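A quick write-up on the structure given underneath.
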Amino acid sequence: MPPEPVIDVAGLVKHYHASDGTVVRAVNGVSFTVEAGEMVGLLGANGAGKTTTLRMLATLLKPTSGTARVAGCDIRDDPVGVRRRLGYVSATTGVADRLSAREIFASFGRLHGLPDETLPDRVATLLEQLDLTGCADRPAGRLSSGQRQRVSLGRALVHDPPALVLDEPTNALDVIGARDLLDLLARLRAEGHAILLSTHRLHEIENRCDRFVIIHDGSVVATGTRESLVADWIPGRDGELEEVFFAAIRTGAAHSELQP
Ligand code: ATP
């Protein structure tokens, strides 16, 4: 039997209930997988349901129905097991200005129960891997945005989780910072991590991800490799992922207008 995917999302649904009684159907039965050593891009316009999907995976939000498994642990039945096996980098959570990268990594390592004897070595390896050794003891408030984003990533990686989920990780970065971060993610993928990242910046990741999942209005409208998406959505042309994206969400929009 083939190994189980590290991330296995199965029919996830999330409806938000506003105080005035209206219901926002943010995610409507989303399914996809991410294997070990694979990087998958979750693409969608503003409000498509990307953050809601990723927050459910990170066990920060309870699904209305459906579920997902992370390295064999179910997000509904075993959220603690999921958190041990997943690193989550959100679009909004900053790093504490007064603490250094070394202190942040050590405190997250302790939270994850890493033993005191091995923690300093783990922190040193991570600082090295993230190219933060030279500024390891500087307060994070005095780091560049790229360095701060690497501190966020290190915080999510300290317990060496098999799955890594990142919500728009390059948003605050310039082209060089974004390229460095994506190079780093490529190295983590080569080490066998399963990586899922959401982004609007299609050009940055079109040749970096192994597969893409395009969502529109909370539903998956297209999924596949860059090559298969181009062949399916703009046949006979060697177009860009952006063209595929527009074609897929136009079709998705036409379908959702047909829904009751
Ligand atoms: P963006 O790219 O703008 O971050 P997104 O694809 O991440 O968008 P979500 O943030 O998941 O989209 O939002 C999906 C839908 O759910 C949107 O219509 C949004 O307004 C709505 N939504 C998100 N959070 C809540 C909430 N707490 N209460 C009610 N509606 C919400």
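The numbers here are math on the coordinates, done by the rules we state, and not lab data. This is a predicted model, so every value here is computed, not measured. Positions of Cβ are generated from backbone atoms using ideal geometry, with glycine treated the same way; all protein chains shown enter the neighbour counts.
Just so you know, the averaged projected area of the alpha carbon convex hull for the chain sits at 16.1 nm². Considering only His216, His193, His17, the Gaussian network model of the chain with Cα springs below 10 Å gives its largest mean-square fluctuation to His17.
Provide the FRET efficiency to the nearest 0.05 for the Asp131-Arg250 pair, computing r from the beta carbons and using R0 = 45 Å. With a Förster radius of 45 Å, E is 0.65.
Please work out the FRET efficiency for the pair His200 and Asp97, using the Cβ-Cβ distance as r and a Förster radius of 35 Å; give the result to the nearest 0.05. It comes out at approximately 0.85. Residue exposure proxy: Ser107, Ser65, ordered by other Cβ atoms within 10 angstrom of their Cβ from fewest to most, comes out as Ser65, Ser107. For the residues Ala36, Ala190, Ala18, a GNM of the chain with alpha-carbon springs under 10 Å puts the largest fluctuation on Ala18. Note on the chain: dipole from Cβ charges, positive end direction compared against Ala96, Leu43, Ile215; the farthest Cα belongs to Ala96. When only the Cβ of Lys, Arg, Asp and Glu is charged (+1, +1, -1, -1), the dipole of the stretch 1-89 relative to its Cα centre reaches about 280 debye.
Close amide H pairs (under 5 Å, H built 1.01 Å from N) link His216 with Val221, residues at least 5 positions away or on another chain. Each label was represented as a point 7 Å from its Cα along the Cα-to-Cβ direction; for Ala18 and Val80 these points are 3.8 nm apart. Estimated at 0.36 nm per residue, the fully extended path between Ala10 and Ser31 surpasses their Cα-Cα distance by 7.1 nm.
Footprinting exposure proxy ranking of Val221, Val24, fewest other C-beta atoms within 10 angstrom first, gives Val24, Val221. Rounded to the nearest 20 debye, the dipole size of the stretch 15-151 about its Cα centre is 360 debye, using +1 on the Cβ of Lys and Arg and -1 on the Cβ of Asp and Glu.
Beyond 18 Å, what share of the Cα-Cα pairs of the stretch 175-222 remains, rounded to the nearest whole percent? Roughly 34 percent, once rounded to a whole number.
Ordered by the count of other Cβ atoms within 10 Å of each Cβ, fewest first, Tyr16, Tyr88 give Tyr16, Tyr88.
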